[in-house]
Amino acid sequence: MKDLIFDNFQNAIDESLLRHKSILDILTKLQESESRINRAVVKSVTNCGCIKVEAKKQELPQENDDIEELSKALKTHVNGALCDNCREVIEREIGNNLFYLASLCNTLDLNLYDVFIKEYDRINTLGKFTLR
Ligand SMILES: [Zn+2]
């Protein structure tokens, strides 16, 4: 069963994508949108300051055969929480990224929902052992 929101999203994008119809434009816009997400996150740190990055070498527990313990020991290196403004900007950039990702799917006749479901199944099958 297909999810209508995914399919409607993909169809709406197909209808609205006029300027960047070429796969070359889509690939470069997709990459640019990824950079813009990173830029927005960095600006949250360097301009706004609502989040801080405090990174250091990950410290692994002595006995790292327990994956739960390992997961708890590893840090994100992010302190704080996004303010409303930064959250809105980052959400907008992620939405823009999804737009070009869906455009790429359209151009290659891929169904975004199928991609999502296959990845979801892979995560569920491998669970904690995906180790990404
Ligand atoms: Zn902020």
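Summarising the overall dimensions of region 46-121 from its C-alpha atoms, the Rg and Dmax are 18.3, 49 angstrom. For the chain, the alpha carbon convex hull comes to 155 Å³ per residue, rounded to a whole number. Run lengths n ≥ 4 of DSSP H only: what is the helix-derived mean residue ellipticity at 222 nm for the chain, with -39500 (n - 2.57) per run over all residues, to the nearest 500? That calculation yields -20000 deg cm²/dmol at 222 nm.
Measuring r between the beta carbons of GLU69 and LEU98 and using R0 = 41 Å, the FRET efficiency lands at 0.75. The HN-Hα couplings worked out from phi for region 24-38 by the Karplus form 6.51 cos²θ - 1.76 cosθ + 1.60 (θ = phi - 60°) are 5, 5, 5, 4, 6, 5, 4, 5, 4, 5, 5, 4, 5, 5, 4 Hz, whole numbers, x standing for Gly and Pro.
PHE9 exposes around 80 Å² of accessible area when a 1.4 Å probe is run over every protein chain in place.
As I understand it, the value is the acute angle between the Cα axis of helix 84-107 and the longest principal axis of the Cα atoms of the chain; what does it come to in degrees, rounded to 10? That helix lies at roughly 50 degrees to the long axis. The count of lysine pairs in the chain that are at least 8 places apart or cross chains, and whose C-alpha atoms lie under 19 Å apart, stands at 11.
The values are calculated or read from the model by the stated rules, or taken from the named source; none is laboratory data. Source: prediction; values computed, not measured. A quick note on method: Cβ atoms are made from the backbone with ideal geometry, for glycine too, and the neighbour counts reach across all protein chains shown. Each accessible area value is taken on the protein alone, full model and side chains, heavy atoms only, with ligands, DNA and RNA left out. Shrake-Rupley method; radii C 1.70, N 1.55, O 1.52, S 1.80 Å.
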